[in-house]
Amino acid sequence: MARLMTVQQLARENRAYAGSGGVSRNNRGYGFRPAFIDTDTGIIYLSCNCEGSPAPFHCLDGLPEELVLERNAQGQVTAAKPSVVAGFERDGRFYSREQAARSLASQD
């Protein structure tokens, strides 16, 4: 069974890639922007805050409604479709966290 994209999942991924190019704070200077891809459609969505401005980290609140599965009482997105994967966009291409980490490691 596929895992939902949740705030908790994002936190697990951030811990797993801490200290590497797989997190926003370490790859921002290389042109990577936090993004999500819907693997069902191949559409890339830049990470945005709830009002639509670009977010400096992965934020579920800016995802389009068709990807949202759950919200809390305050209206914040708590879960997105399992086909949603967190990663990064650079020059129109999607990079998984692993791909971004490897890309930056190869530049050392």
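The values are calculated or read from the model by the stated rules, or taken from the named source; none is laboratory data. This structure is a prediction, so every number in the text was calculated from the model and none was measured. Every residue, glycine among them, receives a Cβ derived from its backbone with ideal geometry; neighbour counts consider all protein chains shown. To get the accessible areas, we keep the full protein, side chains included, count just its heavy atoms, and leave off ligands, DNA and RNA. Shrake-Rupley method; radii C 1.70, N 1.55, O 1.52, S 1.80 Å.
Scan the stretch 41-58 residue by residue and report those that are surrounded by fewer than 20 Cβ atoms within 10 Å (Cβ to Cβ) and in contact with a strand residue (DSSP E or B) (Cβ under 9 Å, 6 or more places away or on another chain).
Gly42, Ile43, Ile44, Tyr45, Leu46, Cys48, Cys50, Pro54, Ala55, Pro56, Phe57 - these are the residues of the stretch 41-58 that are surrounded by fewer than 20 Cβ atoms within 10 Å (Cβ to Cβ) and in contact with a strand residue (DSSP E or B) (Cβ under 9 Å, 6 or more places away or on another chain).
For Gly19, which of the numbered conditions (1) under 11 Å from Val84 (Cα atoms); (2) open to solvent by 60 Å² or more (accessible area, probe 1.4 Å) fails to hold?
(1)
Please verify whether Pro64 is surrounded by fewer than 19 Cβ atoms within 10 Å (Cβ to Cβ) and out of contact with any Cys (no Cβ under 8 Å at 6 or more places or on another chain), treating the condition exactly as stated.
Yes; evaluated as a whole, the condition is true for this residue.
Mind listing whichever residues of the stretch 23-40 are open to solvent by less than 10 Å² (accessible area, probe 1.4 Å) and of a type in the set (Val, Ile, Thr)?
Of everything in the stretch 23-40, just one residue is open to solvent by less than 10 Å² (accessible area, probe 1.4 Å) and of a type in the set (Val, Ile, Thr), namely Val23.
So in the stretch 12-70, with the set limited to residues that are of a type in the set (Ser, Thr, Tyr) and within 11 Å of the chain's Cα centre (by Cα), which one is nearest to Ala105 (Cα to Cα)?
Result: Ser24.
What pairs come out if I take residues in the stretch 72-91 that are farther than 13 Å from Cys59 by Cα and pair them with residues that are among the small types (Gly, Ala, Ser) whose C-beta lies under 6 Å away, six or more apart or interchain?
These pairs meet every condition: Pro82/Ala2; Glu89/Ala35; Arg90/Gly31.
Taking Ser103 as the residue in question, decide whether it is hydroxyl-bearing (Ser, Thr, Tyr) and surrounded by fewer than 16 Cβ atoms within 10 Å (Cβ to Cβ).
no
Is it the case that some residue within the stretch 76-93 is over 17 Å from Met5 (Cβ atoms), among the acidic types (Asp, Glu), loosely packed, with under 13 Cβ neighbours inside 10 Å and at pLDDT below 95?
no
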